[in-house]
Amino acid sequence: MKLNYKRTILIGLAFLSISAFWQMYDNIVPLILKNSFGLGDSVTGVIMAADNVLALFLLPVFGAISDRMNTRLGKRMPFILVGTALSFVFLMLLPAADQKRNLVLFVVLLFFVLISMGTYRSPAVALMPDLTPKPLRSKGNAVINLMGAIGGVYTLVMIKLLVGPGTTPNYYPLFISVGILMVVCIAVLFCTIRENQLRSKIDVEEGTQSASEGLKKEAAEKSEQASSTANLPKEVKRSLVFMLLSIALWFIAYNAVTTAFSRYATHVWGLENGGYADCLMVATVAAIISYIPIGVIASHIGRKRTILIGVALLGFCFFCAMFYSNYHASMNILFAIIGFAWAAINVNSLPMVVEISAAGDVGKYTGYYYTFSMAAQVVTPILSGFLLEHVSYRTLFPYAVIFSALAFCTMLMVKHGDSKPQTKKSVLENFDVED
């Protein structure tokens, strides 16, 4: 059985469009809130945390609703089509609110954009495992992640090319370019992927029962496993607690920088016309390139040590960035290392949490991972934004250094979940990252 790469790439168009949007959201919305509406960094941080607050509720709800859907277009496709259409409409109105300096309208539209994105994010991610035989989902997930990275790089390139000069540039061209990409991606997906037909075909390939019977059997098995799961020993629970604390701490450090970087680079380094996108693009490309060597490193020294190396490099780069009073080309080297470091952390952290879990509780422990990571991304824009506004922009990188150091210390206390991964059977499997 071989992975259908063409089909998987087409399915990955949904994740590509989502990643393109979030790259723009993280980089452009903070600048609009600060420069167009004159909001302080504390308030900006609160607004920027809204997507993660909504995600805590919307992602599991709409993921569960789509599980129970059964339409002529499939389970996931209706959510993807409607969610993309609504997101496009509200996204195209955002620059108008910016140009009119109407803060209330901008915030209301932003809220509806985030709601619209939240309605189809989980169904879009679930489409790949739905339409990929179980033994091939690792390779399939690798393709999906690569498609997402392409979407992020696309937006960074568009920021570099389309964001005009001045503190309040016209963002219409950028928003249109991302909106059109989203619509084109989903249009191609809809025209080429027949969800119900492919689902039936996958059932035949796997030799499973009908879709409904298969779901009932899987749910019963999970319930039986969960009911027979023994409580974790005290020392294992201790490792789990420190692992989850580590996850929260390094997300607090990293997300503070990614959320505030466009403002920091503009305010402190004087970068205009989307010049800050260069550093972020370097970090993204470096992360993609790093998956293969990270897989090799982790297979030899284990996941925990690989994560510790990543956290140490992350803190070191943030520490070095503290001393740059102006932008210098050498910053790209630091951001390349940051990309490598973040990939080293991301590739290995979720597998460690799952490794700690008992057989029947994998879903629950995966939920723990996302709860701590997303909660951190709710807190850090607000906390770091308060420091940026009321202390100094220079607090950004020291803030990230402190939380990176704390993450390193808590990670040292983790004593379980560090089974060395087997060497990947193919190069592509090194790109299989849960994010």
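Some values worked out for this structure:
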{"read-out": "Any pair with Cβ under 6 angstrom, 6 or more apart, that starts in region 70-85 at a residue that is assigned by TED's automatic domain parsing to the domain that holds T119 and free of Cβ contacts under 8 Å to residues at least 60 places away in the same chain and ends at one that is part of a loop (DSSP other than H, G, I, E, B) and polar (S, T, N, Q)", "value": "none"}
{"read-out": "Single unsatisfied condition, I382 versus (1) surrounded by 24 or more Cβ atoms within 10 Å (Cβ to Cβ); (2) within 11 Å of A260 (Cα to Cα); (3) not hydroxyl-bearing (S, T, Y)", "value": "(1)"}
{"read-out": "Residue satisfying all of: in region 238-283; in a helix (DSSP H, G or I) and among the charged types (D, E, K, R); farthest from Y25 (Cα to Cα) among these", "value": "R238"}
{"read-out": "Matching residues, region 261-300, being touching a Pro at 6+ places or on another chain (Cβ under 8 Å) and farther than 19 Å from K160 by Cβ", "value": "G295, A298, S299"}
{"read-out": "Residues satisfying the stated conditions in region 287-305, i.e. polar (S, T, N, Q) and either surrounded by fewer than 21 Cβ atoms within 10 Å (Cβ to Cβ) or more than 20 Å from the chain's Cα centre (by Cα) (or both)", "value": "S299"}
{"read-out": "Some residue of region 334-355 being outside any helix (DSSP H, G or I) and among the aliphatic types (A, V, I, L, M)", "value": "no"}
{"read-out": "The listed residue being over 17 Å from the mean Cα position of the chain (by Cα), β-branched (V, I, T) and outside the structural domain of F372 (by TED's automatic domain parsing), out of V53, V43", "value": "V43"}
{"read-out": "Which listed residue is out of contact with any Asp or Glu (no Cβ under 8 Å at 6 or more places or on another chain), modelled with pLDDT of 95 or more and among the hydroxyl-bearing types (S, T, Y), from S299, S246, S290, S349", "value": "S246"}
{"read-out": "Residue selected from region 313-340 under the condition β-branched (V, I, T) and either in contact (Cβ under 8 Å) with a residue 12 or more places away in the chain or not assigned by TED's automatic domain parsing to the domain that holds W250 (or both), by the criterion surrounded by the most Cβ atoms within 10 Å (Cβ to Cβ)", "value": "I338"}
{"read-out": "Whichever residue in region 112-146 is in contact with a Pro (Cβ under 8 Å, 6 or more places away or on another chain) and of a type in the set (G, A, S) and, among such residues, is modelled with the lowest pLDDT", "value": "G140"}
{"read-out": "Candidates F106, F90 - the one that is over 23 Å from the mean Cα position of the chain (by Cα) and closer than 29 Å to G45 by Cα", "value": "F106"}
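Each row is one residue, and each column tells you yes or no for (1) assigned to a helix (DSSP H, G or I); (2) modelled with pLDDT under 85.
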position	(1), (2)
D361	yes, yes
M374	yes, yes
V378	yes, no
I382	yes, no
L387	yes, no
F397	yes, no
V401	yes, no
Q422	no, yes
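Residue-wise test of (1) surrounded by 15 or more Cβ atoms within 10 Å (Cβ to Cβ); (2) modelled with pLDDT of 90 or more; (3) not in a helix (DSSP H, G or I).
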| position | (1), (2), (3) |
| --- | --- |
| L54 | yes, no, no |
| P60 | no, no, no |
| F79 | yes, yes, no |
| T84 | yes, yes, no |
| M92 | yes, yes, no |
| P95 | yes, yes, no |
| R101 | no, yes, yes |
| L110 | yes, yes, no |
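The values are calculated or read from the model by the stated rules, or taken from the named source; none is laboratory data. Keep in mind that what you see is a predicted model, and the values were worked out from it rather than measured. Heads up, the Cβs are rebuilt from the backbone with ideal geometry, glycines too, and the neighbour counts pull from every protein chain shown.
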